[in-house]
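Visitor: Please see the structure below; I have some questions.
The values are calculated or read from the model by the stated rules, or taken from the named source; none is laboratory data. Keep in mind it's a predicted model, so treat the numbers as computed, not measured. Please note: Cβ atoms are built from the backbone with ideal geometry, for glycine as well, and neighbour counts cover all protein chains shown. Keep in mind that these areas ignore ligands, DNA and RNA; they rest on the heavy atoms of the full protein, side chains included. Shrake-Rupley method; radii C 1.70, N 1.55, O 1.52, S 1.80 Å.
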Amino acid sequence: MNETGLSIKIKIRTLAVAACLGLGLTALPAHSCSRTPTAVDSFVVKLKRYPTFVQPVGFGQPVIFRGVVESVAKLPPKSHAKTAKDARQYWGIQFKAVHWYGSNQQAEQATVLTPVEPTEMEIFCGIRPFVAKAGEEWLVFAYREKDGKFSPDTDVSLRIQNGQIPPEILRQLP
């Protein structure tokens, strides 16, 4: 690689690090952290303060729901995509919503979208795809998009084992 190409690659990496650090200093969830009570509490605060809580650009209303995965399907990219995000391929995970926390949302169905292949920036920032299978029960922390679908927070969402939400998490739910 020539010196100019290396210089550009270093600049891109530097911008990526700055972007990830900037995300960490804003109201976004810490994507490299484990599912701690603090992370859950932080998400619940955003949910309670919405819409007065200043959300980063591109993030919709925070929601929390308990649901059972009904189906998982690879969705085709949007036709006539206007943005790179629209041109990406996603998994559509269809949930039967059992309970909504801290929200007047009463929908019985919820579709969670997660990229089939994360971008280099997402991988660098520690953002992972949401992986679920039909029949599993989940507590989903997500952001509602303009189209009504949800983008999950993969570090806070958790699969429910034996029908029980861990007590330290349950205590924090609104």
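Visitor: Any idea how many residues of the stretch 123-147 are assigned to a loop (DSSP other than H, G, I, E, B), over 18 Å from LYS46 (Cα atoms) and under 14 Å from the mean Cα position of the chain (by Cα)?
Guide: 8
Visitor: Inspect the stretch 63-73 for any residue being open to solvent by less than 50 Å² (accessible area, probe 1.4 Å), of a type in the set (Phe, Trp, Tyr), in a strand (DSSP E or B) and at pLDDT 90 or above and give the result as yes or no.
Guide: Yes; the residues of the stretch 63-73 include at least one that is open to solvent by less than 50 Å² (accessible area, probe 1.4 Å), of a type in the set (Phe, Trp, Tyr), in a strand (DSSP E or B) and at pLDDT 90 or above.
Visitor: Sticking with this structure for a sec: Does at least one position in the stretch 154-165 carry a residue that is free of Cβ contacts under 8 Å to residues at least 24 places away in the same chain, assigned to a loop (DSSP other than H, G, I, E, B) and closer than 22 Å to SER71 by Cα?
Guide: Initial filter on the stretch 154-165 (free of Cβ contacts under 8 Å to residues at least 24 places away in the same chain): 161-162, 164.
Now drop any that are not assigned to a loop (DSSP other than H, G, I, E, B), which leaves 162.
If we keep only those that are closer than 22 Å to SER71 by Cα too, we end up with 162.
Yes, the stretch 154-165 has at least one match.
Visitor: Say we look at the stretch 91-104 and pick out the residues that are of a type outside the set (A, V, I, L, M) and open to solvent by 40 Å² or more (accessible area, probe 1.4 Å); which of these is nearest to PHE43 (Cα to Cα)? Don't jump to the end; show me each part of the working.
Guide: Of all residues in the stretch 91-104, those of a type outside the set (A, V, I, L, M) come to 91-92, 94-96, 99-104.
Narrowing the set further to residues that are open to solvent by 40 Å² or more (accessible area, probe 1.4 Å) leaves 91, 94, 96, 99, 102, 104.
Working: TRP91: 24, GLN94: 22, LYS96: 22, HIS99: 17, GLY102: 11, ASN104: 17 Å.
So, considering only residues that are of a type outside the set (A, V, I, L, M) and open to solvent by 40 Å² or more (accessible area, probe 1.4 Å), the one nearest to PHE43 (Cα to Cα) is GLY102.
Visitor: Out of the residues in the stretch 105-119 that are in contact (Cβ under 8 Å) with a residue 40 or more places away in the chain and either open to solvent by 80 Å² or more (accessible area, probe 1.4 Å) or assigned to a loop (DSSP other than H, G, I, E, B) (or both), state the one that is farthest from PHE150 (Cα to Cα).
Guide: Among residues in the stretch 105-119 that are in contact (Cβ under 8 Å) with a residue 40 or more places away in the chain and either open to solvent by 80 Å² or more (accessible area, probe 1.4 Å) or assigned to a loop (DSSP other than H, G, I, E, B) (or both), the one farthest from PHE150 (Cα to Cα) is VAL116.
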